[in-house]
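Values quoted throughout were computed directly from the atomic coordinates according to the rules given, and no laboratory measurement underlies them. Please read all numbers here as calculations on a predicted model, not as lab measurements. Every residue, glycine among them, receives a Cβ derived from its backbone with ideal geometry; neighbour counts consider all protein chains shown.
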Amino acid sequence: MDLIANLGTGFGVALTFANLAYCFGGVLLGTLIGVLPGIGPVPTIAMLLPITYALPPVSALIMLAGIYYGAQYGGSTTAILVNLPGESSSVVTCLDGYQMARQGRAGTALSVAAIGSFIAGTFATLVIASLAVPLAEVALKFGPAEYFSLMVLGLIAAVVLASGSLLKAIGMIVLGLLLGIIGTDVNSGLQRFSFGVPELSDGIGFVVIAMGLFAFAEIIINLEQVEKREIFTNKVEGLWLKWKDFKQALPAILRGTGIGSMLGILPGGGALLSAFASYTVEKKLAKDPSRFGKGAIEGVAGPESANNAGAQASFIPLLTLGIPSNAVMALMVGAMTIHSIQPGPQVMTNNPQLFWGLIVSMWLGNVMLVVLNLPLIGIWVKLLKVPYRLLYPAILLFCCIGVYSLQNNVFDVLMTVVFGVLGWIFVKLECEPAPLLLGFILGPMMEENLRRALLLSRGDWTVFATRPISAVMLGLAVLLLLIIIAPSIRKKREEAFQE
Amino acid sequence: MTFVRSPKDFWAGILFIAFGVAAVTIAYNYPLGTAARMGPGYFPRGLGFIMIGLGSILSLRALKVAGGKIQFASFKPLLIVLGSVLIFGLVAPSLGVIFSTILLVMLSSTAAYDYRWKESIIAALVIAAFTYVTFVWGLSLQLPVWPAFFR
């Protein structure tokens, strides 16, 4: 019955007029930006973050969550209509969604994506609400050694489950950890890696890194490619699902929801992995797998539900353990810190209004997505017609103003340029920037917990192996690494990401 | 450099090594402490060594295992986009947000392959007006609005 009481608290917070408005505004803005080709959720959130500075913490987080769902759904719209994935998790949607659009079934694809996302979102919200309390209770028993091992496991899992070279991804994490050190050391007051620059004494802002590595680098890469886009704008009709389509899609939606809710909880899981897994499952289960890639409705319904469920479930490690599992969650940690909330198990007990309010508004955000997107689809389609040459200067400007208003300081804008160059180099060298952001956010926490754990054990490193929970987590991390290094599985993994 | 069989991995490795060496060298000036009482130099130095190790494995493996070449299309977008942001950052405090906005939009527009100068002027004015309404009125931005010699 606690669950109902808690959700009641949540509804009390989320259903105030102001918070409903912020949720709505977030979903609307998120979709608006997310629909623009080539802009995924990370730059969208980073760009819109400054708007939330002045809001009370609950409203700010509600709005950011809304922005996230909006951006995610906006990305799917672009994937279906233009065959341009705004982010990696909608790559899968491109496969069959775009084919459906080419066959004149864009409307069906868009509405099955919306309905699937809604069902998945509702279920995942319930999962969060029921898992949060027990998980947070476990987390409260964690000492520094357990926290350190948990973070190691989280970081390793995040790179193992992502695509690309493992060595490079681990390197990017370590680089992120190093960047996180910049600034004043809390224990000794010493300035580290600040080169005597007073602006660096508080460290680099995570928005600076996110904008440079994601937004700026993406814009530059987009400009390097001269591509013709084919948009199916005149054929968006028939938004009402036919019963036959719905019946065909429903099992895929339910399976996608299950897959997403499970995989999303894992560190590094989230939207991307869920979408891939769901597509593979649907293809395996289909009587006629050859339909996939040619406009199979299950190929849109499954992954779209899975990526929404996964996106939502990835809030679980953040809210209960204080550990972000992907780049978007790393941004949410940053946003919480700006509002001086330390993410972790204590949020639920110290600030139940914020916690349950946020969870309920996740569900409300999903309702708004359906209500908002299907009727407004015409507007999104018009936005898709705006040529990129007019969009990117505006995006650049919003990034600049956003970075500036962090601390009202030009220095941050100049730092973003530095990270823009770095981000461009990373793209050229095929180094994923997401692990770097995770490392950057976790760096200070990791050092602090390492120090405390070894202080308590008087410098005995075996403490990580002798405390059972810590040992299990480190063991899992090693196991994950071994699995991925084993050649046969590595081949399979590459195949899976190729698809 | 024909003995490098995977340039992407090789240079990524070199980059990691460079960051690692820098971290270790700079952190050398910070007290190391012991494992039980870690000084501010302990964690960064450790990370630096890990970085050097990872980078070395990556670069050495790139000599054996073949991989992708680095694709350079054009440096124009990189220079124009980041250059215009840099200029925006430098001039905004003195020139004010409206003129800096116009400058940023017009300069950065030139990076597009289908650049049209007339259109970019109109875009700059529209975006500047939007900035005024949203950021100056709506969100009370801290940047000065007009140039220093107007005020």
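Listing for the model above:
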{"item": "Selected from A:LEU250, A:VAL13, A:ALA124, residue furthest toward positive end of dipole (chain A; charges at beta carbon)", "result": "A:LEU250"}
{"item": "Of A:PRO444, A:VAL91, A:GLY295, farthest towards positive along the dipole that unit charges on Lys, Arg, Asp, Glu beta carbons give chain A", "result": "A:GLY295"}
{"item": "For the protein assembly as shown, size of Cβ-based charge dipole, Lys and Arg +1, Asp and Glu -1, in debye", "result": "1160 debye"}
{"item": "Chain B, dipole about Cα centre (Lys/Arg Cβ +1, Asp/Glu Cβ -1), debye to the nearest 20", "result": "440 debye"}
{"item": "Dipole of the protein assembly as shown, positive direction: furthest Cα of B:ILE70, A:LEU223, A:LEU178, with charges on the beta-carbon", "result": "B:ILE70"}
{"item": "Acute angle (nearest 10 degrees) that the helix B:97-109 long axis makes with the longest principal axis of chain B, alpha-carbon atoms", "result": "70 degrees"}
{"item": "Label-to-label distance, nm, for residues given as A:VAL367 and B:VAL91 (7 Å Cα→Cβ offset)", "result": "5.0 nm"}
{"item": "Share of alpha-carbon pairs per 5 Å distance bin for chain B, given as whole %", "result": "2, 9, 11, 10, 9, 8, 9, 10, 13, 12, 7, 2, 0, 0"}
{"item": "Two-site FRET efficiency, A:LYS294 against A:LYS247, from Cβ-Cβ distance with R₀ of 22 Å, rounded to 0.05", "result": "0.65"}
{"item": "Highest-MSF residue in chain B out of B:GLY33, B:GLY55, B:GLY89 [GNM, Cα springs under 10 Å]", "result": "B:GLY33"}
{"item": "Full-extension gain in nm, B:ILE14 to B:TRP137, via 0.36 nm per residue minus C-alpha separation", "result": "39.4 nm"}
{"item": "Chain A, helix-only ellipticity at 222 nm - DSSP H runs n ≥ 4, -39,500 (n - 2.57), divided by all residues, nearest 500", "result": "-24500 deg cm²/dmol"}
{"item": "Fewest-first sequence of A:THR108, A:THR416 by Cβ atoms within 10 Å of each Cβ", "result": "A:THR108, A:THR416"}
{"item": "Shape of the range A:2-498, Cα gyration tensor, a/c cut at 1.5", "result": "rounded"}
{"item": "More than 14 Å apart - percent of Cα-Cα pairs taken over the range B:76-138", "result": "57 percent"}
{"item": "Inter-label distance for B:PHE3 and A:PHE195, nm, one decimal - labels placed 7 Å from Cα along Cα-to-Cβ", "result": "3.3 nm"}
{"item": "The range A:352-498, dipole about Cα centre (Lys/Arg Cβ +1, Asp/Glu Cβ -1), debye to the nearest 20", "result": "280 debye"}
{"item": "Order of A:SER76, B:SER59 - criterion: other Cβ atoms within 10 Å of each residue's Cβ, fewest first", "result": "B:SER59, A:SER76"}
{"item": "Packing-based exposure ordering (other Cβ within 10 Å, fewest first) of B:PHE3, A:PHE246", "result": "B:PHE3, A:PHE246"}
{"item": "Cα Rg, Dmax (largest Cα-Cα span) when computed across the range B:51-101, Å", "result": "19.9, 55"}
{"item": "Degrees separating the helix A:270-285 axis from the principal Cα axis of chain A, which is the longest one", "result": "50 degrees"}
{"item": "Using a Förster distance of 56 Å, the FRET efficiency for A:ASN187-A:LEU131 (Cβ separation, nearest 0.05)", "result": "0.95"}
{"item": "Nearest-ten-degree value, helix A:487-498 long axis tilted from longest Cα axis of chain A", "result": "50 degrees"}
